[in-house]
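> Have a look at the structure that comes next, please.
The values are calculated or read from the model by the stated rules, or taken from the named source; none is laboratory data. Quantities reported herein were computed from a predicted structural model and do not represent experimental measurements. Here the Cβ positions follow ideal geometry from the backbone for every residue, glycine too, while neighbour counts run over all protein chains shown. Calculation scope for accessible area: heavy atoms of the full protein, side chains included, ligands and nucleic acids excluded. Shrake-Rupley method; radii C 1.70, N 1.55, O 1.52, S 1.80 Å.
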Amino acid sequence: MTPEQYVQDKAAASGSSFYYAFLFLPKPRRAAITAFYAFCREVDDVADFISDPGVAASKLGWWRSEVDKSFAGKPSHPAMKALMSHAPVYGITREHLHAVIRGCQVDLEQFRYNDFDCLASYCHLVAGVVGEVSALIFGQTDPATTQYAHKLGLAFQLTNIIRDVGEDALRGRIYLPISDLQQHGVTAQDILERRYSDAFSALMRFETERAHALYEEAFALLPTADRRSQKPGLMMASIYRTLLREIEADGFRVLDHRTSLTPLRKFWLAWKVQALGRM
C-alpha cells in the first residue's frame, strides 16, 4: 500500500464531516488535506484508544520524534511520507504538527476545564491549528483568514464537545467548563451518571447558543477575497451546524445517545455550498 492510499483509506474510514468537503477540492489540494487529516487522526487516536497513560505518552513522544525526523527528510510513517511532499507547498510547519500533538497530550493530562477561556486554549491546539493549516491548503490569500479559521475551529470543537458529552464521560472526561456547570446547577456526578434534568437542558442550550454565536463570528471574519477558496470550510460549517440543530431538536439527549448525520446528508449539505453557495 502506498502512503497516498494509506491516508486516503484513513480519511474515508473515519466517516468525518471533513472528508465530504475534501471531495470538492482540486486533486493536489485534496491530496494535501487528506494527508494532513490522516496525521491528525493518527495522533488523536492515541488519546482516544490507548487506555494506559504511560503507553499513550510514549506514543505521542514517538510522534514528536517522527515529525522532527520528517522535517529533516526522513519520514517513516506512511502518513508523514504522504504529508511531507505537500508541507513546503502549502506552508505546513513543524510547529503546526507539534501543536496538534500538544493538544492530544493535554487530553492525557487534563480532564476538566475551569472556564471557557481554559477550554478555548485547549481547542486552539486541537482545532484552531487544524483550521489554520486547512485554510492554507484550501488556498488562503489574505492573512486575516487565519483569524477566521481559528474561530471556526473553535466552533467545530465546541460542537463536538456538545455531541460527545456522554461518550467523553465514559472516559472520565468532562470538557464543559466547571464555571458553566456551577452557573446552571449541574454537577460533574450528574454528567458521569447520565442524569438528565431541566438544569442539564439549560446548560446544553447555553453551550449550543455559544457555538452558534462562534459560527456567526467566524463567518463575519472571513475576508471577501478568500470566500471562494475557503468553501470547504463553509461546507464543514454547514454540516456541523446541521448536526448542532439536530441535537437541539432531539432535546439534548447527548448523555446516552450520539447524534449523527448520514453520509448522503453530509454529501448533500457539502454539495449545496459548492454548487449553490447556500448553507
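> Among the residues of region 207-218, are any farther than 16 Å from F252 by Cα, surrounded by 15 or more Cβ atoms within 10 Å (Cβ to Cβ) and among the hydrophobic types (A, V, I, L, M, F, W, C)?
Taking every residue of region 207-218 in turn, at least one turns out to be farther than 16 Å from F252 by Cα, surrounded by 15 or more Cβ atoms within 10 Å (Cβ to Cβ) and among the hydrophobic types (A, V, I, L, M, F, W, C).
> For region 166-279, which helices (runs of 4 or more DSSP H) that fit wholly inside it have 3 or more residues that are touching a residue at least 60 places away in the same chain (Cβ under 8 Å)?
Once the helices (runs of 4 or more DSSP H) in region 166-279 are filtered for at least 3 residues that are touching a residue at least 60 places away in the same chain (Cβ under 8 Å), what remains is 178-184, 198-221, 231-249, 263-276.
> While we're on this one: Could you give me the residue pairs with C-beta distances under 8 Å whose first residue belongs to region 126-140 and is farther than 22 Å from N160 by Cα and at pLDDT 95 or above, whose second residue is aromatic (F, W, Y) and open to solvent by 10 Å² or more (accessible area, probe 1.4 Å) wherever it lies, and which are 6+ apart or on separate chains?
L136/Y90; I137/Y90
> Identify the residue in region 60-70 that is crowded, with 18+ Cβ neighbours inside 10 Å and not β-branched (V, I, T) and, among all such residues, is farthest from C40 (Cα to Cα). Please lay out each step first, then the result.
First pass over region 60-70, keeping only residues crowded, with 18+ Cβ neighbours inside 10 Å: 60, 63, 66-67, 70.
Next cut, not β-branched (V, I, T) only: 60, 63, 66, 70.
Numbers: L60: 12, W63: 11, E66: 13, S70: 15 Å.
Filtering region 60-70 for residues that are crowded, with 18+ Cβ neighbours inside 10 Å and not β-branched (V, I, T), the one farthest from C40 (Cα to Cα) comes out as S70.
> What are the pairs with Cβ atoms under 6 angstrom where one residue, in region 58-71, is on the phi > 0 side of the Ramachandran plot and the other, located anywhere, is open to solvent by 10 Å² or more (accessible area, probe 1.4 Å) and in a helix (DSSP H, G or I)? Sequence gap at least six, or different chains.
Within 6 Å, no pair qualifies.
> Now a separate question. Of the residues that sit in region 3-29 and are touching a residue at least 40 places away in the same chain (Cβ under 8 Å) and closer than 24 Å to W62 by Cβ, which one is least open to solvent (accessible area, probe 1.4 Å)?
V7
> Counting only residues that are in contact (Cβ under 8 Å) with a residue 60 or more places away in the chain, under 14 Å from the mean Cα position of the chain (by Cα) and buried (at least 21 other Cβ atoms within 10 Å of the Cβ), how many does region 30-46 have?
Number satisfying all stated conditions: 5.
> Here's something else I'd like to know. Any idea how many residues of region 187-206 are of a type outside the set (F, W, Y) and open to solvent by less than 10 Å² (accessible area, probe 1.4 Å)?
The total comes to 3.
> Name the single residue that is nearest to G233 (Cα to Cα) among those in region 136-153 being surrounded by fewer than 24 Cβ atoms within 10 Å (Cβ to Cβ) and aliphatic (A, V, I, L, M).
Once the filter is applied, the top-ranked residue is L136.
> Please indicate, with yes or no, whether at least one residue in region 255-264 is buried (at least 18 other Cβ atoms within 10 Å of the Cβ) and modelled with pLDDT of 95 or more.
yes
> So is S14 modelled with pLDDT under 95, among the small types (G, A, S) and out of contact with any Asp or Glu (no Cβ under 6 Å at 6 or more places or on another chain) or not?
Working: modelled with pLDDT under 95: yes; among the small types (G, A, S): yes; out of contact with any Asp or Glu (no Cβ under 6 Å at 6 or more places or on another chain): yes.
Considered against the rule, which asks whether it is modelled with pLDDT under 95, among the small types (G, A, S) and out of contact with any Asp or Glu (no Cβ under 6 Å at 6 or more places or on another chain), S14 comes out as yes.
> Could you grab me the full set of residues in region 135-165 that are in a loop (DSSP other than H, G, I, E, B) and within 13 Å of the chain's Cα centre (by Cα)?
Result: D164, single match.
> Still on this structure, I have one more. Return the residue satisfying two criteria in turn: it lies in region 68-86 and is more than 20 Å from the chain's Cα centre (by Cα) and of a type in the set (A, V, I, L, M), and of such residues it is farthest from R173 (Cα to Cα).
Applying the filter and picking the extreme gives A72.
> Would you call K74 charged (D, E, K, R), at pLDDT 95 or above and surrounded by 14 or more Cβ atoms within 10 Å (Cβ to Cβ)?
For K74, the condition - charged (D, E, K, R), at pLDDT 95 or above and surrounded by 14 or more Cβ atoms within 10 Å (Cβ to Cβ) - is not met.
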